[in-house]
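Q: Take a look at the following structure, please.
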Amino acid sequence: MKKKPLVVANWKATKTIKETIEWVKMAKPKLGEITGIEIVICPPFTSLPFVTALFKDTRVKVGAQSVSRFSDGPYTGEISSAMLDGLVDYCIVGHSERRRNFAETNEEINAKIKNLSEFKIKSVVCISNLNEIRSLESVRDKITAVAYEPLFAIGTDKPDTPENAEKMAMLIKKSLGEQVKAIYGGSVDPSNVAKFTRQPSISGVLPGRASWNPGIFLDLLEAIRLNDQTA
Ligand code: PGA
């Protein structure tokens with residue numbers, strides 16, 4: 001049987017602290033009941049302490065959306081891995097929006113993964129092509145999951161096909177090892193999520209927009225759960 005699916009909710013640059021607390025209040029009772037899915041909520045930095053405190057003593061995990069490539073020091077505006085230690089279990093690294101808007105390079109991404117691993121924070125690394133997979137080979141033992149997120153599918157309501165996502169998941173595992181979870185992201189929603197999680201090499205999903213509304217996010221988790229029961 002396939003292992004517990006991993007669902008990484010990427011809130012991106014949305015939600016004030018007040019909106020965050022409302023989301024958690026609405027979702028928490030149901031989220032707390034879900035056992036068969038590893039749920040990771042990734043709010044913006046400003047909300048992290050609140051979300052972590054609100055989900056304390058539940059199975060729900062919290063993640064950051066990025067981290068500095070530097071350790072503590074004279075790097076104004078940066079958040080280091082040491083600062084995330086104790087606050088998060090996971091961190092998204094190398095999202096295409098960061099590669100594109102903030103010119104993050106493969107080298108910087110590898111430095112972030114190394115820093116996170118020193119604090120045992122699990123890296124969920126986003127890639128959109130084969131070169132980006134290859135660039136992770138030297139840090140493969142420090143990565144928990146790699147999310148295949150094709151650029152055309154992010155924020156467009158045009159997901160990749162489950163078959164193509166499965167092929168990429170197989171390539172991720174072939175080049176980085178079976179220990180790395182391969183997940184899919186890009187226009188995942190409650191109606192299509194099970195088509196992805198059903199694929200043999202895909203271990204989960206990374207929804208953006210479908211995680212911003214608590215009702216839609218709970219529907220997405222329910223669709224995974226129902227599919228697992230029938231699989
Ligand atoms: P989307 O975003 O689900 O809104 O397409 C996914 C992502 O950017 O990770």
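Q: Any idea what log10 I(q)/I(0) is at q = 0.16, 0.18, 0.19, 0.22 Å⁻¹ for the stretch 13-134, Debye with uniform C-alpha scatterers and no solvent?
A: -0.81, -0.99, -1.07, -1.29
Q: Over 26 Å between C-alpha atoms is what I'm after, so list which of Lys30/Lys173; Lys30/Lys142; Lys30/Lys120; Lys25/Lys114; Lys30/Lys195; Lys174/Lys195 land there.
A: Exceeds cut-off: Lys30/Lys173; Lys30/Lys142; Lys30/Lys120; Lys25/Lys114.
Q: Can you give the local net charge around Val62? Use residues other than it whose beta-carbon is closer than 11 angstrom to its beta-carbon, Lys and Arg +1, Asp and Glu -1.
A: +1
Q: Once phi is turned into ³J(HN,Hα) by the Karplus curve 6.51 cos²θ - 1.76 cosθ + 1.60 with θ = phi - 60°, what whole-Hz value does each residue of the stretch 205-215 show in order, with x for glycine and proline?
A: 9, 10, x, x, 3, 6, 9, 7, 9, x, x
Q: How much accessible area per residue does the stretch 6-230 have, counting only protein heavy atoms and a probe of 1.4 Å, in square angstrom?
A: Accessible area per residue, the stretch 6-230: 46 Å².
Q: With bins 10 Å wide starting at 0, give me the P(r) of the stretch 105-231 over every alpha carbon pair, in whole percents.
A: 13, 43, 33, 11, 0
Q: Tell me, what % of the accessible area of the chain is carbon and sulfur with a 1.4 angstrom probe?
A: Heavy-atom surface of the chain belonging to carbon and sulfur, 1.4 Å probe: 55 percent.
Q: Using all alpha carbons of the stretch 6-230, what is the percent of pairwise distances in each 10 Å bin, ordered from the shortest bin to the longest?
A: 8, 36, 38, 17, 1, 0
Q: Could you work out how far the C-alpha centroid of the stretch 176-190 sits from that of the stretch 1-80, in angstrom?
A: 18
Q: Let me ask something else about it. With labels modelled as points extended 7 Å from the Cα through the Cβ direction, what inter-label distance (nm, one decimal) is found for Glu178 paired with Thr76?
A: Simple spin-label model gives 5.1 nm for this pair.
Q: Now for a different question. Between beta-carbons, use under 10 Å as the cut-off and find the net charge around Thr52, counting Lys and Arg +1, Asp and Glu -1.
A: That sum, taken over residues with Cβ under 10 Å, equals +1.
Q: Shifting gears a bit: Using 0.36 nm times the number of residues separating Asn213 and Phe50, minus their current alpha carbon distance, what extension gain do you get?
A: Stretched fully, the Asn213-Phe50 segment lengthens by 56.9 nm.
Q: Straight-line reach from Lys112: which aspartates and glutamates have Cα under 13 Å away, leaving out those fewer than 8 places along the same chain?
A: Lys112 reaches Asp72, Glu78, Glu104.
The values are calculated or read from the model by the stated rules, or taken from the named source; none is laboratory data. Given the structure is predicted, the values throughout are model-derived calculations rather than measurements. Here the Cβ is made from the backbone with ideal geometry for all residues, glycine too, and neighbour counts use every protein chain on show. To get the accessible areas, we keep the full protein, side chains included, count just its heavy atoms, and leave off ligands, DNA and RNA. Shrake-Rupley method; radii C 1.70, N 1.55, O 1.52, S 1.80 Å.
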